[in-house]
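This report concerns only the one structure given below.
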Number of protein chains: 2
Amino acid sequence: MSTVLLASCSIGKKTSSSSSKLTTTGTASGQYQGVIQNGHYKVSKARGVNINQNDNSYNLKSFETGLTEVSKKVFSTKSYIFQEGQYLSTDTIENWLGRKTKSNPTGLNAAQGKKSDPNPEYVQQIEEQDFMQQNGNSLTLKGITIGIGINSVYYYQKTTDGPTYQKKLSDAEIQKQGKIAAQKILTRLRKKSALKNVPIVIALYKQAPNDSLVGGSFFAYSKNNGNTIKSWKKLNYSTKVLPKASDATSTNSDNETDNTSFSNFKSQIQSFFPNLSGVTAQAQYQNGTLSGMHITVTTQFYSQSEVQSFTQYIARAAKKYLPNGIPIDIKIQSSSEMQAVVYRDSGSDTFRTHVFSSY
Amino acid sequence: MSTVLLASCSIGKKTSSSSSKLTTTGTASGQYQGVIQNGHYKVSKARGVNINQNDNSYNLKSFETGLTEVSKKVFSTKSYIFQEGQYLSTDTIENWLGRKTKSNPTGLNAAQGKKSDPNPEYVQQIEEQDFMQQNGNSLTLKGITIGIGINSVYYYQKTTDGPTYQKKLSDAEIQKQGKIAAQKILTRLRKKSALKNVPIVIALYKQAPNDSLVGGSFFAYSKNNGNTIKSWKKLNYSTKVLPKASDATSTNSDNETDNTSFSNFKSQIQSFFPNLSGVTAQAQYQNGTLSGMHITVTTQFYSQSEVQSFTQYIARAAKKYLPNGIPIDIKIQSSSEMQAVVYRDSGSDTFRTHVFSSY
């Protein structure tokens with residue numbers, strides 16, 4: 001059993017006898033502490049698998065960040081310590097993500113079928129997160145979360161190096177296939193002795209297409225104490241890119257208001273310099289209401305005082321034009337590098353600014 | 001005369017009659033407000049000149065940031081509004097930065113002399129900053145600051161496309177040549193009717209060599225009400241890169257302590273991931289005491305939870321190992337882009353963190 005050291009003063013402190021010293025990354029408001037073992041971060045047993053699974057890197061970041069948000073609904077950041085997945089290895093997950101064949105019996109995707117009209121691969125990425133509690137001098141596993149990313153578009157080639165074709169997959173099929181994969185994974189996890197009795201949360205994510213400028217969204221999760229998934233909770237997230245393309249139709253008047261706010265913000269800051277700035281945003285909606293934005297402003301700066309002035313101006317325009325009460329960050333960058341950041345955290349009403357300078 | 005609008009609620013507000021509407025970028029603690037005219041930032045009349053003058057971009061940022069710090073010693077951010085230089089044009093400054101020849105009589109650098117052993121060019125960059133006060137409905141110029149960057153190494157070629165030679169320039173000569181250039185510039189500025197009676201601050205900066213990983217430093221400034229520079233105030237800034245090269249000798253035990261603190265911080269966070277991180281810093285010293293640091297941590301991340309955990313860990317290690325009471329920022333980046341920032345502002349004892357995420 002490992003000796004555990006969770007005190008926040010423990011960085012670099014030597015303890016006497018432990019051969020497997022554990023500590024954590026330290027607390028941050030609303031964030032999990034992470035597990036450090038012998039001074040090293042305890043990395044995932046399947047580290048890096050999902051990097052190769054995502055041609056669109058927005059799906060990678062959005063999936064990982066979103067999965068942590070789902071976990072927080074079940075395992076509070078105050079009571080649980082985060083550990084990168086330790087029960088599913090790179091080999092296991094790579095096999096699961098493959099097609100089911102004689103040589104890969106655990107593949108969660110169907111056999112290929114006709115090469116000219118293959119069965120779609122639905123299951124695109126899988127991630128495990130572990131949640132621990134301190135128990136005397138050790139950390140004990142108290143639950144795990146599994147995220148499953150399901151494709152909304154299946155990309156395939158009929159011949160090697162031939163053109164890429166795509167099949168759009170229906171929401172009904174995405175949900176169905178996600179739930180089938182989830183039950184298979186739950187059954188497999190319950191066979192591992194360490195996972196027999198802990199709560200297992202499974203969350204389903206719809207991948208964005210490869211050409212999207214924003215990632216996909218989680219649409220359902222289930223908390224399981226037994227071997228069978230009995231019910232799913234719906235997650236009503238959606239993401240979009242602002243400003244909206246001029247020919248797009250809005251299905252929702254709230255979204256229309258958000259788009260107008262953003263357009264006002266954008267035109268305000270685009271007129272600031274003689275050369276126009278690029279201003280785009282990723283927006284996330286929860287139950288039809290805007291729940292956060294990541295904005296990127298790209299322009300050419302000619303001096304540090306221009307960066308400083310522009311940053312102040314953006315902070316002021318953000319406060320005036322952008323919706324209240326949601327987390328927002330604004331990256332201010334030149335073509336080569338980030339120059340400043342303006343951000344408002346969840347639950348705060350103040351925009352903070354930081355300008356990157358140099359001695 | 002321009003109509004001026006300084007209220008902080010004025011972004012985007014239409015005023016009735018003004019043909020040259022002025023407003024500002026808004027306040028930020030310890031920073032100047034900047035001038036906006038007709039919705040556009042009022043850019044420098046010599047915009048971009050110094051970009052071409054600096055082969056080492058650290059000299060560019062450091063010169064501009066440092067000049068603003070010198071200005072703050074004379075023109076307080078509470079009483080003055082910052083305006084980018086409006087009295088020296090691109091042509092004027094480019095001529096002044098050239099060698100004195102028949103076709104360029106205002107060149108501040110000496111004629112070339114022998115091509116095989118040229119006279120050094122000392123004056124490398126010049127920047128103007130204007131300081132305004134609100135006077136009824138208009139902004140009035142109340143002072144200007146001129147920064148002059150003087151080379152510490154002169155780079156030259158004996159033949160076109162031939163090898164580059166360098167001459168190291170002595171501190172005594174740098175100071176002498178800087179003061180000569182300053183007096184010439186003061187005399188020229190006093191001939192402009194708008195600048196006859198305002199205080200003119202001139203600040204001298206020693207450029208870092210082209211291969212330096214940190215910019216140079218301001219070493220003197222002078223506030224002038226008349227036509228002749230009567231006295232200089234010494235500025236005792238210096239910059240260095242940490243960790244110190246192992247063969248470097250320290251001239252100062254304080255610096256040795258700072259280097260040890262930084263090395264402890266570095267080794268702590270380098271052991272965090274199985275793959276090593278690059279950890280370097282720019283340090284600034286004022287009167288021999290550490291006055292600020294810009295730290296860059298580069299490592300490969302495999303997931304968003306690794307970025308989140310590493311950021312929390314760095315904030316904690318920074319608090320524990322890095323010196324108190326000075327502004328510090330830490331850029332956390334992968335090879336491709338910035339992933340997070342940890343920073344402590346001047347006068348604060350709290351490190352703030354922001355992780356760049358994506359929907």
- Query: Looking at A:226, A:136, which one is modelled with pLDDT under 95 and exposed (fewer than 14 other Cβ atoms within 10 Å of the Cβ)?
  - Reply: A:136
- Is the stretch B:317-324 home to any residue that is touching a helix residue (DSSP H, G or I) at 6+ places or on another chain (Cβ under 6 Å) and either within 20 Å of residue A:341 (Cβ to Cβ) or free of Cβ contacts under 8 Å to residues at least 40 places away in the same chain (or both)? no
- For the stretch A:246-275, what are the residues that are β-branched (Val, Ile, Thr) and at pLDDT 90 or above? A:269
- Looking only at helices (runs of 4 or more DSSP H) that fall completely inside the stretch A:21-115, which ones have 2 or more residues that are among the hydroxyl-bearing types (Ser, Thr, Tyr) and surrounded by fewer than 22 Cβ atoms within 10 Å (Cβ to Cβ)? A:57-74, A:90-97
- Task: Within the stretch A:111-125, identify whether any single residue is hydrophobic (A, V, I, L, M, F, W, C), within 14 Å of another protein chain (Cβ to nearest Cβ) and in contact with a helix residue (DSSP H, G or I) (Cβ under 9 Å, 6 or more places away or on another chain), and answer yes or no.
- Result: no
- Message: I'm checking my understanding of the structure. Among residues of the stretch B:210-232 that are under 24 Å from residue B:289 (Cβ atoms) and either outside any strand (DSSP E or B) or not assigned by TED's automatic domain parsing to the domain that holds residue B:179 (or both), which one is farthest from the chain's Cα centre (by Cα)?
- Response: B:232
- Can you tell me how many residues in the stretch A:304-333 are of a type in the set (S, T, N, Q) and more than 11 Å from chain B (Cβ to nearest Cβ)? 1
- Got a number for residues in the stretch B:165-206 being over 18 Å from residue B:237 (Cβ atoms), of a type in the set (Val, Ile, Thr) and part of a helix (DSSP H, G or I)? 3
- Message: Here are the criteria: (1) modelled with pLDDT of 95 or more; (2) under 23 Å from the mean Cα position of the chain (by Cα). Tell me which single one residue B:52 does not satisfy.
- Response: (1)
- Task: Kindly indicate which of A:304, A:270 is free of Cβ contacts under 8 Å to residues at least 12 places away in the same chain and within 30 Å of residue B:50 (Cβ to Cβ).
- Result: A:270
- Query: Residues in the stretch A:57-110 that are within 12 Å of chain B (Cβ to nearest Cβ) and small (Gly, Ala, Ser): how many?
  - Reply: 5
- Task: Look through A:346, A:336, A:305 and report the one residue that is assigned by TED's automatic domain parsing to the domain that holds residue A:292 and in contact with a Phe, Trp or Tyr (Cβ under 8 Å, 6 or more places away or on another chain).
- Result: A:305
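The values are calculated or read from the model by the stated rules, or taken from the named source; none is laboratory data. Everything numeric in this text was worked out from a predicted model, so none of it was measured. As a convention, Cβ positions derive from the backbone with ideal geometry for all residues, glycine included, and neighbour counts pool all protein chains shown.
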